[in-house]
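Inspection log for the structure reproduced underneath, given as structure tokens.
The values are calculated or read from the model by the stated rules, or taken from the named source; none is laboratory data. Keep in mind the model is a prediction, meaning the values are calculated, not measured. When we count neighbours, we look across all protein chains shown, and the Cβ atoms used for this are built from the backbone with ideal geometry, even at glycine. The area values use the complete protein model at the heavy-atom level, side chains included, leaving out ligands, DNA and RNA. Shrake-Rupley method; radii C 1.70, N 1.55, O 1.52, S 1.80 Å.
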Amino acid sequence: MISDKIENWEQYFTGEVWGKVFKFISSLNSDSPEGITEIIGKKLYGRVMSYETVRPDEGKPEAHQEYIDIQVSIVNEERIDWYPMSENAIRSEYNKEKDVYFFQIKEDAPIVIRNVPGIFSVFYPNDIHVPKLSAHGPQVVKKAVVKLH
């Protein structure tokens, strides 16, 4: 897991593909349309979406096997909790079509991210993360998730 200011992305990543990831992210604003944008087909794509954040006890701890998630808030703030894979039990079988499986969490998150505009958060396969959490009560968040195979 990595979380930092978007302007610092080159401290972590190099190469053409990562350049495309952050070019896409940097192009987003409050007027960006919701939906999926293929950047390099199914190998690299972004999804812009809006939803209302939920209480921490309503969150769904998830992880992936095939894709890296790069998450950015465009409008408003959400909280994302992070957990190590080794300390939590799988709650559902892996769904290959959706590249996701869910977990039963035993304790409070060791890392809590304030995903606000201007920040990116990268979740590698096997990083358990709980997105969509309210930071200061429910609010509608507009965000993008870039999926990198």
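Here LEU133 clears all of (1) open to solvent by 80 Å² or more (accessible area, probe 1.4 Å); (2) in contact with a Ser or Thr (Cβ under 7 Å, 6 or more places away or on another chain) except the condition numbered (1). Of everything in the range 1-15 that's outside any helix (DSSP H, G or I) and over 22 Å from VAL130 (Cα atoms), which residue is most open to solvent (accessible area, probe 1.4 Å)? Within the range 1-15, the match that is most open to solvent (accessible area, probe 1.4 Å) is THR14.
Of the residues making up the range 45-66, not a single one is among the hydroxyl-bearing types (Ser, Thr, Tyr), buried (at least 19 other Cβ atoms within 10 Å of the Cβ) and closer than 19 Å to ILE2 by Cβ. Taken over the range 24-43, the criterion of being surrounded by fewer than 11 Cβ atoms within 10 Å (Cβ to Cβ) and closer than 14 Å to ILE119 by Cα is satisfied by ASN29 alone.
Considering each residue of the range 78-88 in turn, none proves to be of a type outside the set (Lys, Arg), open to solvent by 50 Å² or more (accessible area, probe 1.4 Å) and either closer than 20 Å to TYR45 by Cα or in contact (Cβ under 8 Å) with a residue 60 or more places away in the chain (or both).
Conditions tested, residue by residue: (1) of a type outside the set (Lys, Arg); (2) farther than 25 Å from GLY137 by Cα; (3) in contact with a Pro (Cβ under 7 Å, 6 or more places away or on another chain); (4) without any contact (Cβ under 8 Å) to a residue 12 or more places away in the chain.
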{"residue": "GLY35", "(1), (2), (3), (4)": "yes, yes, no, no"}
{"residue": "LYS42", "(1), (2), (3), (4)": "no, yes, no, no"}
{"residue": "GLY46", "(1), (2), (3), (4)": "yes, yes, no, no"}
{"residue": "ARG55", "(1), (2), (3), (4)": "no, no, no, no"}
{"residue": "ILE70", "(1), (2), (3), (4)": "yes, no, no, no"}
{"residue": "TYR101", "(1), (2), (3), (4)": "yes, yes, no, no"}
{"residue": "VAL116", "(1), (2), (3), (4)": "yes, no, no, no"}
{"residue": "SER121", "(1), (2), (3), (4)": "yes, no, no, no"}
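Identify the residue in the range 136-149 that is under 11 Å from the mean Cα position of the chain (by Cα) and aliphatic (A, V, I, L, M) and, among all such residues, is most open to solvent (accessible area, probe 1.4 Å). Only one residue fits best here, namely VAL145. Within the range 102-130, the residues that satisfy the criterion of being open to solvent by less than 30 Å² (accessible area, probe 1.4 Å) and closer than 21 Å to SER26 by Cα are ILE113, ASN115, PHE120, SER121, VAL122, PHE123.
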